[in-house]
Every structure is written in C-alpha cells, then in structure tokens.
Amino acid sequence: MKIDILTLFPEFFSPLISWSIIGRAYEDNKIAINSINIRDFSQNKHRKVDDYPFGGGSGMVMKPEPIFDAISSVKNKNSRVIYLSPQGKKFNQELANELSKEEHLILLCGHYEGIDNRVIEHYVDEEISIGDFVLTGGEIPAMLIIDAVVRLLPGVLRSDESFIDESHYNGLLEYPQYTRPREFKGHFVPNVLLSGNHQKIGTWRKEEALKATLLKRPDLLEKKTLSKEEVVILSKIKKDLEL
C-alpha cells in the first residue's frame, strides 16, 4: 500500500515510519508513506496557501490551486482521496478494514478554517472524521487512520500478534487480558486461564467479551448480528447481572 499525506507540516510525520508496527511495515516494504508539503505547490513567492473567506468571517481558508496541484502530483486511477474533516463520515473499524484493501490512499490535512469547498466537491472522494470535536488540523486524524489501517495489511503483524480478537474487529469489545504474576496485591488471575483447557478458555473469553460490550458499549450490540450461541450467553449474562 502507498499512502501520500498532503499537509502544511510534513515534519509532523517523520517519526511515524520509525516506531512500532508502522515502522516495521515500512522497513519491510509493506507500505510506502510520503508526506508532501502543500506549500511546495504555491505560486506565491512567500509560499502562501490561504486567503480571506468570501462573504467575510473570521480566519483564513486554504486556497484551491495548491491543493489541487498537490493532489494531481500523486493521484492515479487507483487512488482514494480522503479529506480529514469534522463533517466527514465517522471513522471506525469497519472503515479501517475497507481502507486496508486500497492500493493508494491520499490523506488531505486541512488547516485554518478549512479548505476551499470546490476541492471537496470535485477532487476529494470522501471526507472522514475521527470524532465530534475540532482539532487544529488534519495531521493527528491522518496518523490515527494510518495506524488503524496499516496493522490490518497482510503480513504486517507477526504470528504472535493478531487483530482478530481485538476490540471492535468483530463488533465486540475485547475480553480481559492478564499476564504474570498470577497474584498481584491480593488480586488473582482467573483460574480458567491457568487451566490449560483451551475450550473452556475460549468460552470464557467469549462470555467476557459479550459482558464487557454489554456494560461498556451496549450500542455495539444493537448493530451486531449475534449467533445463537451468543444470544444464549448474553441472556445468561443479563440474568446474572439482573439487567
């Protein structure tokens, strides 16, 4: 996968390719990540990329010409151009899975009061938001999306790492995790995890995942199609919790 980031602050992404899973994927040539300075496409001698909004109002708006030229410099027939915007579709695991199947992502990071809407209407494939709040620019959302997407690419995670059981991947929150020591300040690891019985461990994890989702994110259960087994388990959990 190739990812091009269009930004006013390309240095923001320098650490991205040097740490953890993303850094390893970059070293293994599983991904190519480039940060492109939109100012390089300004026709202004001062590399100015913004101007006052038509109709008045506070703040500045990013001009269409340098953004269009920046997009054109990297776009091809397989590109998916995404503008990071608080008005966009809410980013979630399902969308991360979808984006991980793309060959080329172009992530456009806005600033100031946003970008000229003609770019959004005619040269952007979609807008994506990471939540109902406002940030200074699109750089942090871009990093978040890259992190969520890259780890889903084939061969990126090692055999001892997996996203299959992680929260949100299958519509549920993840079951609780424990490690050594078995006892910590009077608190013990559940006995079933020490039993060596993988069938019982699997059942326990499924029950705990459903329980965590019910208590912490019941809205996820409304969206998920439960299996017959999960329906039975969930009914028992609700009865035990007197819900």
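The values are calculated or read from the model by the stated rules, or taken from the named source; none is laboratory data. Keep in mind that what you see is a predicted model, and the values were worked out from it rather than measured. Virtual Cβ from ideal backbone geometry, glycine too; neighbours counted across all protein chains shown. Quick note on the areas: whole protein, heavy atoms, side chains included, nothing else; ligands and nucleic acids left out. Shrake-Rupley method; radii C 1.70, N 1.55, O 1.52, S 1.80 Å.
For the chain, a crude dipole built from +1 on the beta carbon of Lys and Arg and -1 on the beta carbon of Asp and Glu, taken about the Cα centre, is about 680 debye to the nearest 20. Please give every one of the aspartates and glutamates within straight-line cross-link reach of LYS224, meaning a C-alpha to C-alpha distance under 18 Å, and leave out same-chain neighbours fewer than 8 residues apart. Qualifying aspartates and glutamates at Cα under 18 Å: GLU94, GLU98, ASP165, GLU166, GLU174, GLU207, GLU208.
The convex hull built on the alpha-carbon positions of the chain has an orientation-averaged projected area of 18.4 nm². Within the full protein context, the accessible area of PHE68 is estimated at about 80 Å² for a probe radius of 1.4 Å. The charge dipole of segment 161-243, taken about the Cα centre with unit charges on the Cβ atoms of Lys, Arg (+1) and Asp, Glu (-1), comes to about 200 debye, rounded to the nearest 20.
Determine the shape class of segment 173-218: with a ≥ b ≥ c the square roots of the Cα gyration tensor eigenvalues, call it rounded for a/c under 1.5, and otherwise prolate if a/b is greater than b/c, oblate otherwise. Oblate, since a/c reaches 1.5 and b/c is not below a/b.
Shown are SER100, SER58, SER35, whose ranking by accessible area with a 1.4 Å probe and every protein chain present, most to least, is SER58, SER35, SER100. As a fraction of the 1.4 Å probe accessible area of segment 29-108, surface on carbon and sulfur atoms comes out at 47 percent.
Ordering 172-183, 113-124 by mean Cβ neighbour count within 10 Å, with the highest value first, yields 113-124, 172-183. For LYS75, the aspartates and glutamates whose Cα comes closer than 18 Å to its Cα, not counting residues fewer than 8 places off in the same chain, are ASP4, ASP40, GLU65, GLU102, GLU103, GLU121, ASP125, GLU126, GLU127. Solvent exposure of segment 58-100, expressed per residue, is 49 Å² of accessible area, with all protein chains present and a 1.4 angstrom probe. Note on exposure: LYS216, LYS2, LYS77 ranked by accessible area (1.4 Å probe, complete protein assembly) read LYS77, LYS216, LYS2, with the most exposed listed first. Based on C-alpha pairs under 8 angstrom that are at least 6 apart in sequence, the chain has a relative contact order of 17 percent.
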